[in-house]
Amino acid sequence: MTMPENMFDLTGKVALVTGGNSGLGFGFARGLARAGADVVIWGRRADRNATAAEALRAHGGRVLADSIDVTDDDAIEAGIARAVALFGRVDIVVANAGIAAQVPFVDMDRAAYRRLIDINLDGAVFTLRAAARHMMKRAAVGDAGGSLIICGSGSIFQGVPTLAHYGIAKGGLNALAKALAAELGPHGIRCNVIAPGFIETEMTFADPAVGEMIAASVAARAPLGRAGKPADLEGAVVYLASDMARYHTGDTLVIDGGKLFTN
Ligand code: NDP
């Protein structure tokens with residue numbers, strides 16, 4: 001296998017980031033673009049997609065922004081086909097799109113439960129399925145490889161009140177990564193999870209006063225002394241996407257300033 005001098009270099013690779021127009025997704029997309037990848041972002045809001053795409057183009061690669069709702073299976077299939085038609089391939093997928101809607105467990109009706117699971121769990125599952133089908137087809141003609149990256153959360157490891165459905169989705173995705181690592185590894189496809197701690201985004205600052213309060217509490221407890229920012233995750237996603245991670249699959253990287261594993 002010939003390796004480039006800089007094995008973090010993603011030049012020539014195409015990365016898809018769902019929910020890439022905001023927050024963590026935009027940070028993942030920016031990290032991948034800065035490392036040289038061409039980037040495809042999906043999100044429902046066309047205006048936000050356009051703004052994010054313009055910012056990503058500043059890093060020099062090709063960028064496609066597609067208005068895709070990850071609860072729509074046909075749109076997912078069409079979106080992968082469009083990315084392959086335009087850029088020739090998809091090498092990296094970051095399944096990141098998600099929402100958080102707080103509901104006390106005893107009040108959680110099926111509609112609230114389903115809506116979150118449809119986006120956060122099923123949306124990721126069927127995005128990854130569509131991408132894996134494309135990667136398997138490539139592998140069958142001698143062009144094996146692919147990195148599937150799932151955006152997890154601290155809720156994989158710790159209970160969060162009023163977010164049972166959210167934790168179910170992230171826990172399920174964590175198990176999915178291990179299943180895909182086992183099933184797709186023989187085809188050269190890797191799958192890992194990035195589990196971020198509290199990161200300052202529109203999701204966590206939907207109510208700025210609550211966001212500030214949680215950020216202050218995290219800053220007080222995390223050894224690295226602050227809440228996270230989307231840029232803090234760029235290194236992990238570039239590593240997992242790159243050939244530097246060629247023997248790394250089925251794993252979960254916790255990026256939370258050290259909070260989960262310390263007192
Ligand atoms: P944001 O609200 O900033 O971003 C959410 C993104 O998901 C947007 O780009 C949004 O775009 C997209 N999205 C939402 N629903 C859909 C859908 N149905 N189809 C396609 N795209 C969709 O939140 P964050 O960046 O904070 O969250 C992103 C991910 O990170 C989530 O999976 C979240 O669980 C996870 N996470 C966040 C943490 C944090 O502290 N912020 C911590 C750990 C994990 P649009 O609305 O245009 O569709």
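The values are calculated or read from the model by the stated rules, or taken from the named source; none is laboratory data. Note that the structure is a prediction, hence the values are computed from the model and not measured. Methodologically, a virtual Cβ is constructed for each residue, glycine included, from the backbone with ideal geometry; neighbour enumeration extends over all protein chains shown.
Among the residues of segment 196-254, those that are assigned to a loop (DSSP other than H, G, I, E, B), more than 12 Å from the ligand (Cβ to nearest atom) and charged (D, E, K, R) comprise Asp207, Arg226, Arg246, Asp251. Kindly evaluate Leu10 against the criterion of being hydrophobic (A, V, I, L, M, F, W, C), assigned to a loop (DSSP other than H, G, I, E, B), closer than 20 Å to Ala231 by Cα and away from the ligand (no atom under 14 Å from the Cβ). So Leu10 passes the test. Among residues that are among the hydrophobic types (A, V, I, L, M, F, W, C), closer than 20 Å to Thr162 by Cα, within 16 Å of the ligand (Cβ to nearest atom) and crowded, with 17+ Cβ neighbours inside 10 Å, Ile119 is included. Among the residues of segment 36-45, is there at least one that is among the aliphatic types (A, V, I, L, M), over 20 Å from Leu148 (Cβ atoms) and surrounded by 24 or more Cβ atoms within 10 Å (Cβ to Cβ)? Taking every residue of segment 36-45 in turn, none turns out to be among the aliphatic types (A, V, I, L, M), over 20 Å from Leu148 (Cβ atoms) and surrounded by 24 or more Cβ atoms within 10 Å (Cβ to Cβ). Here Gly152 does not qualify as under 22 Å from the mean Cα position of the chain (by Cα) and at positive phi.
Considering only residues in segment 162-192 that are under 21 Å from Ala97 (Cβ atoms) and of a type in the set (Gly, Ala, Ser), the one that is nearest to the ligand (Cβ to nearest atom) turns out to be Ala169.
Answer yes if at least one residue in segment 79-97 is within 15 Å of the ligand (Cβ to nearest atom), closer than 16 Å to Gly19 by Cα, assigned to a loop (DSSP other than H, G, I, E, B) and in contact (Cβ under 8 Å) with a residue 24 or more places away in the chain, and no otherwise. Taking every residue of segment 79-97 in turn, at least one turns out to be within 15 Å of the ligand (Cβ to nearest atom), closer than 16 Å to Gly19 by Cα, assigned to a loop (DSSP other than H, G, I, E, B) and in contact (Cβ under 8 Å) with a residue 24 or more places away in the chain. Each residue in segment 23-46 was checked for being out of contact with any strand residue (DSSP E or B) (no Cβ under 7 Å at 6 or more places or on another chain) and assigned to a loop (DSSP other than H, G, I, E, B), and 3 of them qualify. For segment 15-50, which residues satisfy the criterion of being hydrophobic (A, V, I, L, M, F, W, C) and under 19 Å from Leu128 (Cβ atoms)? Across segment 15-50, the qualifying residues are Ala15, Leu16, Val17, Leu24, Phe28, Ala29, Leu32, Ala37, Val39, Val40, Ile41, Trp42. Among the residues of segment 136-161, those that are small (Gly, Ala, Ser) and either in contact (Cβ under 8 Å) with a residue 40 or more places away in the chain or within 16 Å of the ligand (Cβ to nearest atom) (or both) comprise Ala139, Ala144, Gly145, Gly146, Ser147, Gly152, Ser153, Gly154, Ser155, Gly159.
Yes/no matrix, rows are residues, columns are (1) touching a Gly at 6+ places or on another chain (Cβ under 7 Å); (2) part of a loop (DSSP other than H, G, I, E, B); (3) at pLDDT 95 or above; (4) surrounded by fewer than 18 Cβ atoms within 10 Å (Cβ to Cβ):
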site	(1), (2), (3), (4)
Arg133	no, no, yes, yes
Ile149	no, no, yes, no
Gln158	no, yes, yes, yes
Pro161	no, yes, yes, yes
His165	no, no, yes, no
Ala169	no, no, yes, no
Leu176	no, no, yes, no
